[in-house]
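First comes the structure, then the notes that go with it.
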Amino acid sequence: MSYIEVNNLRKTFTVRKKREKGKLFREKEIVEALQGISFVVEKGELVGYIGPNGAGKSTTVKILSGILTPESGEAKVGGMVPWKERKEYVKHIGVVFGQRSQLWWDVPILDSYSLLKDIYRISEKDYKGRLNELVEALQLEKLLRTPLRLLSLGQRMRAELCGSLLHRPELLFLDEPTIGLDAVSKLSLRDFLKWENKEHGTTIMLTTHDMEDIAELCSRVMVLGHGQKLFDGKLKDLLEKYDTVRNVTVKYDVEPICFGDDYEPNFPRGVKVTRKNGELRLTYSPNEIPTADMLAFLQSAGTINEMTLESENIDHLIAAMYKEMDL
Amino acid sequence: MRAYISVFRMRIKMELQYRGAMIGGIVCQMFFGIVLVALYHALYESKAQAMPIEQVSTYVWLQQAFFRMMVATDPDLNDKIKNGSISYDLCRPVNMYTFYYIRVAAQKLMGSLMRGIPMIIVTFLLPKGWGITLPASGGGLFCGLIALFLGLLCMCALENITMAFTMRTLDSRGMQSLLNLLMVTLSGNLLPLTLFPDSWQKVITMLPYAQLLDAPIRLYSGEYLISEAPLILLRQAGWALILILIGVWFWEQNRKKMIIQGG
């Protein structure tokens, strides 16, 4: 049996709208947040969960952390049904909601931790060991005696993570943990998550909009849209399908005359050309024109001063994918 | 159990940080107390009432001293309900009602002691008829303290019922102001319940709001005899139990229906 088993999970919300002029009652709209999601996750996996806003990512996380009860469907995590055995179940999981806070606003974070220690009934010895380990890994030494309200966003996120991991959860849910963080904080957060996953075998489920998070961390990615699962597999496989565009920027010593005034007719079919500051930017599909041919063509036209070749930005790929999936 | 003791301690520690608010509270309550006592002096000048002015003044001051115990509400919980951070509390292996009951109890207890004790000391020093008199007897003081504790239990239970409404409406203002108005009137804060007509008092003293501060004050001042104390304390305990049960049921219903919106 797998660690997490989700079968045909459904959840709907009722949204009440402001009454329209001339109508007697408010309109209600039923939003199907999840329309029958199924998946399994093995112990120790690090799974990314992506999809556009409103796809049902957070809803899944909330159901699996016991906060929401689904309309129908089954879910078992470590043999327990989250929303039915909530109080027992939540001892085994940790949750970080990127946009909310679990620590007390007006007291030093160390005090919040010691409250969590009592809430989860962690023994003194266990608590000390774990706290030291986390404080070192998350570089929190200097912040322990500072009230939460005085911390920066990045510091706060590290403090929240520490709070969620004190009781050594087997499963950690992260709902947009890198939202609003600077580059350094993001990198160190990712390193930490990798470390936690490897060192303690913690299963991690991560929702995010930052594709770098997924690329860096997750061996497996699930794509959600309109409450349905659209993809489940390796990120590489997902991207291969949509990775159909290459960009070349090229600068010649002297711009070749053979390109003419309007460029495109003189290039192989399907190439898009824009010209800016003496540089040519070409977009083409390697499926139609092999990259080797493209480079050979450019070289034959004149003496190249500078050239870069890049594949499409990962965000563009995801956007293209969402578009194709009609999200 | 450890968790509840821990949250109680921590909330007390946190309350101790708000010393500026404490001074503000004392000044405000002193002002109200003086105005009210002056008002009753003016009233008594024209026509003396059945109840001696010393007792009215004691009643007013004790109400003011423990005002915080009655009306303090947990701003953090209000925020959490509004912004959805309450979802974290649903992921904890503790009983949410008990957790917040204890939290608000610590807040009300510490908040009112910080304001009440200095105020009581100061008002003892005021001239006779303007300040607080000594308790009617040692027994009266003792029973009054027990009654104050039972009153605190009722106040926290009422607070949690108000919070249950907030969870439904997502905004604390409407229901809170309505219930606070009822409380301030029927608890004797605005006008001592002892000054209400006797026939009214028979009903009002049975209501939950009279169990908060009115009962302890009357035991302190000797308005209620010590022989009556067991019955009074029993009535308070009964109300505390009923209010807690209503709150627990309400919170459980809310928990089942709760939806945390947004990512």
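The values are calculated or read from the model by the stated rules, or taken from the named source; none is laboratory data. Predicted model, so just to flag it, every value in this text is computed and none were measured. When we count neighbours, we look across all protein chains shown, and the Cβ atoms used for this are built from the backbone with ideal geometry, even at glycine.
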| said: Going residue by residue through the stretch B:17-30, is there one that turns out to be out of contact with any Lys or Arg (no Cβ under 9 Å at 6 or more places or on another chain), crowded, with 16+ Cβ neighbours inside 10 Å, within 14 Å of chain A (Cβ to nearest Cβ) and not hydrophobic (A, V, I, L, M, F, W, C)? | reply: yes
| task | Just name the residue that is surrounded by the most Cβ atoms within 10 Å (Cβ to Cβ) out of those in the stretch B:220-263 that are in a loop (DSSP other than H, G, I, E, B) and more than 14 Å from chain A (Cβ to nearest Cβ). | result | B:224
| field | Number of the condition not met by residue A:91 [criteria: (1) surrounded by fewer than 21 Cβ atoms within 10 Å (Cβ to Cβ); (2) more than 15 Å from residue A:170 (Cα to Cα)] | value | (2)
| Do you know which residues across the stretch A:54-83 are part of a loop (DSSP other than H, G, I, E, B), more than 11 Å from chain B (Cβ to nearest Cβ) and within 23 Å of residue A:176 (Cβ to Cβ)? | A:70
| How many of the residues in the stretch A:115-146 are within 11 Å of another protein chain (Cβ to nearest Cβ) and in contact with a helix residue (DSSP H, G or I) (Cβ under 7 Å, 6 or more places away or on another chain)? | 7
| Consider residue B:65 against the criteria (1) under 14 Å from the mean Cα position of the chain (by Cα); (2) within 26 Å of residue A:115 (Cα to Cα): it satisfies all of them except one. Which criterion is unmet? | (2)
| said: If I ask for residues that are in contact (Cβ under 8 Å) with a residue 60 or more places away in the chain and surrounded by fewer than 13 Cβ atoms within 10 Å (Cβ to Cβ), which ones from the stretch A:301-325 would you list? | reply: A:308, A:310, A:315, A:324
| said: Of all residues being in contact with an Asp or Glu (Cβ under 6 Å, 6 or more places away or on another chain) and outside any loop (DSSP other than H, G, I, E, B) in the stretch A:93-111, which is farthest from the other protein chains (Cβ to nearest Cβ)? Just the residue, please. | reply: A:96
| With respect to residue B:79, is the statement that it is within 13 Å of chain A (Cβ to nearest Cβ) and surrounded by fewer than 16 Cβ atoms within 10 Å (Cβ to Cβ) true? | yes
| message | Restricting to the stretch A:234-284, give me the number of residues that are aromatic (Phe, Trp, Tyr), in a loop (DSSP other than H, G, I, E, B) and closer than 15 Å to residue A:295 by Cα. | response | 1
| note | Of those in the stretch A:1-38 that are among the acidic types (Asp, Glu) and assigned to a strand (DSSP E or B), the residue farthest from residue B:257 (Cα to Cα) is A:5
| said: I need the full set of residues from the stretch A:1-49 which are within 19 Å of residue A:176 (Cβ to Cβ) and modelled with pLDDT under 90, in order please. | reply: A:33
| request: For the stretch B:142-150, state whether one or more residues are closer than 30 Å to residue B:255 by Cβ and either within 14 Å of chain A (Cβ to nearest Cβ) or touching a Pro at 6+ places or on another chain (Cβ under 9 Å) (or both). | output: yes
| said: If I ask for residues that are part of a strand (DSSP E or B) and either at positive phi or touching a Cys at 6+ places or on another chain (Cβ under 9 Å) (or both), which ones from the stretch A:174-197 would you list? | reply: none
| task | Return a yes/no flag: does the stretch A:168-183 have any residue that is more than 17 Å from residue A:49 (Cβ to Cβ) and crowded, with 19+ Cβ neighbours inside 10 Å. | result | yes
| Among the residues of the stretch A:53-66, is any of a type in the set (Ser, Thr, Tyr) and more than 23 Å from the chain's Cα centre (by Cα)? | no
| message | Cβ-Cβ under 6 Å, sequence separation 6+ or interchain: first residue in the stretch A:150-168 and within 11 Å of residue A:131 (Cβ to Cβ), partner surrounded by 17 or more Cβ atoms within 10 Å (Cβ to Cβ) and small (Gly, Ala, Ser). Which pairs? | response | A:165/A:94
| said: Tell me whether the stretch B:63-76 contains one or more residues that are within 14 Å of chain A (Cβ to nearest Cβ), under 26 Å from residue B:177 (Cα atoms) and surrounded by 15 or more Cβ atoms within 10 Å (Cβ to Cβ). | reply: yes
| field | Hits in the stretch A:3-47 (condition: among the hydroxyl-bearing types (Ser, Thr, Tyr) and surrounded by 14 or more Cβ atoms within 10 Å (Cβ to Cβ)) | value | A:3, A:12, A:38
